[in-house]
Structures are given as C-alpha cells and as structure tokens.
Amino acid sequence: EGTAACGEKHRISRDDVVVGRILGEGFFGEVHDGVYKRERICVAIKTCKDCSAEVKEKFLSEAGLMKNLDHPHIVRLIGVIEVDPVWIVMELLEHGELGNYLVEEQYILTSATLILYCLQICKALAYLEGLNMVHRDIAVRNVLVASPECVKLGDFGLSRYVDEQEYYKASVSRLPIKWMAPESINFRRFTTASDVWMFGVCMWEIFSMAQQPFFWLENGQVINQLELGIRLPKPQQCPPTVYSLLTRCWAYEPPGRPSFGQLVCSLRYTLMYFFSS
Ligand code: ADP
C-alpha cells in the first residue's frame with residue numbers, strides 16, 4: 001500500500017491549493033493553512049520535511065486511513081498530493097487544538113459545553129468502534145475545535161499503523177503513558193477497551209481545562225499508582241455524575257469498562273439534564 005494509500009478520489013492537483021501561513025509543527029513537518037480553490041474552502045496542509053520513501057509511506061498512511069472515514073466529528077481529508085513535495089490536505093479547524101482552546105476560554109466555558117465536547121468525541125469513537133478501529137492516542141492535543149459548539153477528532157497519526165513492537169521501539173519517549181490503560185503500559189495491548197480508558201483521561205483533561213493528567217508523577221510511577229487502585233481525582237468543574245462515568249472507564253479489567261455506545265447514551269442523558277435544569 002503505502003504511497004498508493006490514496007486512491008484516485010483523493011488525488012488532488014497542487015494548482016488547486018493556495019498555501020498560507022504556518023499553523024504549527026507536526027511530527028513530519030510544518031502545517032500550513034490555505035485554500036482549496038475547487039471547493040472554495042479553507043484547509044490545513046500537512047507537509048513532510050525529510051521525506052524519504054520510508055518516511056513518506058508513514059506520513060501518507062494517516063491519510064490512507066482517514067480517507068475511509070466519514071463522520072461529523074472526525075476531521076475530513078480533502079486530498080493528497082503524492083508527488084514531491086508530498087502534501088496532505090484536510091479541512092481547516094479554525095480554533096486549533098482543544099487543549100489550547102480550553103486554556104484560552106476557561107472562564108467562559110460552561111459545564112454543559114464541556115459535556116457536549118465529550119459527547120461529540122465519544123460519538124466519533126463509537127463510530128470507530130463500529131469499524132473495529134483502535135485510535136490509541138485519545139487526548140485533547142488530538143482534538144481540534146471547529147466552532148465553540150463543535151469539536152472533531154483530528155489526529156490519526158503514527159500509533160495505529162505501525163505494529164505494536166515497532167510502535168514501542170520507535171517512540172518509547174513519545175508513548176503517552178499518563179493516558180494509557182494498565183494493559184497498554186504493561187503489555188502494549190491496545191483495544192477498544194483501552195481506547196475507552198484513554199477517553200476517560202481525555203474527559204478528565206477537558207474538565208481540568210487541559211491540565212496534564214498525573215502531572216504530579218513521573219511516567220515511571222504511574223502504573224504503580226494505577227495498580228494500587230489510585231485514579232485521577234475529580235476536577236473541580238466536573239459534575240459528580242460525569243466523574244462516576246470517568247471512574248467506570250478506569251476499571252482495571254478491560255471487560256469492566258463501558259463501550260463507546262453506552263457512553264454516548266450516558267453522556268446524552270447527562271447533557272439533557274444539564275440543559276433542562
Ligand atoms: P502531527 O500529528 O503530524 O504531529 P498535528 O496534527 O499535531 O501533526 O498538527 C500540528 C499542528 O497543526 C497542530 O498543533 C494544529 O495546531 C495544527 N493543525 C493540524 N491539523 C489541523 C487542522 N485540520 N485544522 C487546524 N489546525 C490544524
């Protein structure tokens with residue numbers, strides 16, 4: 001597959017893309033904003049700095065996966081330019097990363113809005129669950145903000161394409177230990193149930209306005225605490241009903257955790273309560 005990751009449908013012409021300013025630095029290279037003239041829409045353009053054949057294959061694998069996804073809360077792939085310099089073009093999410101947005105808007109975001117964000121991310125993950133896809137890196141840094149009422153899952157980066165052994169070797173220092181389920185830390189086992197654990201941590205980040213989970217611990221201390229039954233504490237702004245949902249996501253045994261489908265129902269119900277009271 002690799003460079004053939006994107007079929008005809010997503011092959012676009014460089015002449016149709018206008019490149020703008022730098023939005024940020026991605027794993028592979030700079031990300032720019034721009035315009036896709038054919039559809040007259042604003043886009044984000046991911047570039048690849050040192051794009052050897054091997055790197056290029058990894059870079060394009062994210063697009064190869066995204067092209068099969070179609071969900072209102074997953075960032076849409078517009079297209080790929082496969083000849084050098086290789087570009088991946090996606091819909092632009094104007095407000096950037098959710099983590100930064102939470103810090104900037106912390107004094108105006110209501111609990112209802114925070115629950116809405118959780119529900120939207122959860123719907124995207126329930127969709128992936130239905131496709132038997134495991135995300136492996138659910139965190140506010142990988143969620144982008146389209147508008148004050150809409151967030152989208154925006155990063156299908158490295159973690160899920162490389163096999164587990166390679167993932168482990170390639171990026172020990174990049175492993176998000178503080179977000180990971182015990183079985184992922186201990187055995188590098190990643191499943192939908194470990195995604196549910198990570199989603200619980202991501203909800204904790206949302207209600208903590210993007211504090212780092214376990215910032216008071218070193219990576220190496222986390223698994224010990226988890227095995228003692230210690231969990232992240234209730235963030236001040238987190239309603240008790242939501243916190244009890246988080247703790248269910250953090251059941252030590254994977255089968256003890258709810259599914260994303262069940263979480264969607266619970267979050268929907270909680271949100272209805274918030275809007276009606
Ligand atoms: P990578 O996953 O390759 O490390 P990211 O997806 O984190 O790269 O992108 C790097 C930065 O570019 C992010 O911090 C984000 O601010 C910005 N960015 C990426 N994709 C988009 C997008 N679709 N809309 C707006 N900003 C984006």
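Every read-out reported here was derived from the displayed coordinates using simple, explicitly stated rules and does not represent laboratory data. Bear in mind the structure is a predicted one, so any value in this text is a computation, not a measurement. Every residue, glycine among them, receives a Cβ derived from its backbone with ideal geometry; neighbour counts consider all protein chains shown.
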Inset, instruction - Have a look at ASP137, ASP50, ASP33 and tell me which one the Gaussian network model of the chain (Cα, springs below 10 Å) gives the largest fluctuation. - result: ASP50
Legend entry - Vicinal HN-Hα couplings computed from phi for the stretch 16-27 (Karplus, 6.51 cos²θ - 1.76 cosθ + 1.60; Hz; Gly/Pro x): 8, 10, 9, 8, x, 7, 6, 8, x, 10, x, 4
Inset, instruction - Arrange MET272, MET133 by Cβ neighbour counts within 10 Å, fewest through most, would you? - result: MET272, MET133
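Hand me the trypsin sites (Lys or Arg not before Pro) from the stretch 1-98 located in a DSSP loop with no more than 11 other Cβ atoms within 10 Å, in residue order please. It would help to have the intermediate numbers written out before the result.
Numbers: sites: LYS9, ARG11, ARG14, ARG21, LYS37, ARG38, ARG40, LYS46, LYS49, LYS56, LYS58, LYS67, ARG76; in loops: LYS37, ARG38, ARG40, LYS49, LYS67, ARG76.
In loop regions of the stretch 1-98 (DSSP not H, G, I, E or B), the sparsely surrounded trypsin sites (Lys or Arg not before Pro) are ARG40.
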Legend entry - ³J(HN,Hα), Karplus 6.51/-1.76/1.60, whole Hz, each residue of the stretch 189-198, x for Gly, Pro: 9, 10, 9, 4, 5, 6, 4, 4, 4, 4
Legend entry - Separation of the GLU94 and GLU149 label points, Cα + 7 Å toward Cβ, nm: 1.4 nm
Legend entry - Order of MET209, MET66 - criterion: other Cβ atoms within 10 Å of each residue's Cβ, fewest first: MET209, MET66
Inset, instruction - Can you spot the lysines whose alpha carbon is less than 28 Å from LYS234's alpha carbon? Ignore those fewer than 8 places along the same chain. - result: LYS123, LYS152, LYS178
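If you rank LEU271, LEU217, LEU246 by fewest surrounding Cβ atoms within 10 Å, what's the result?
LEU217, LEU271, LEU246
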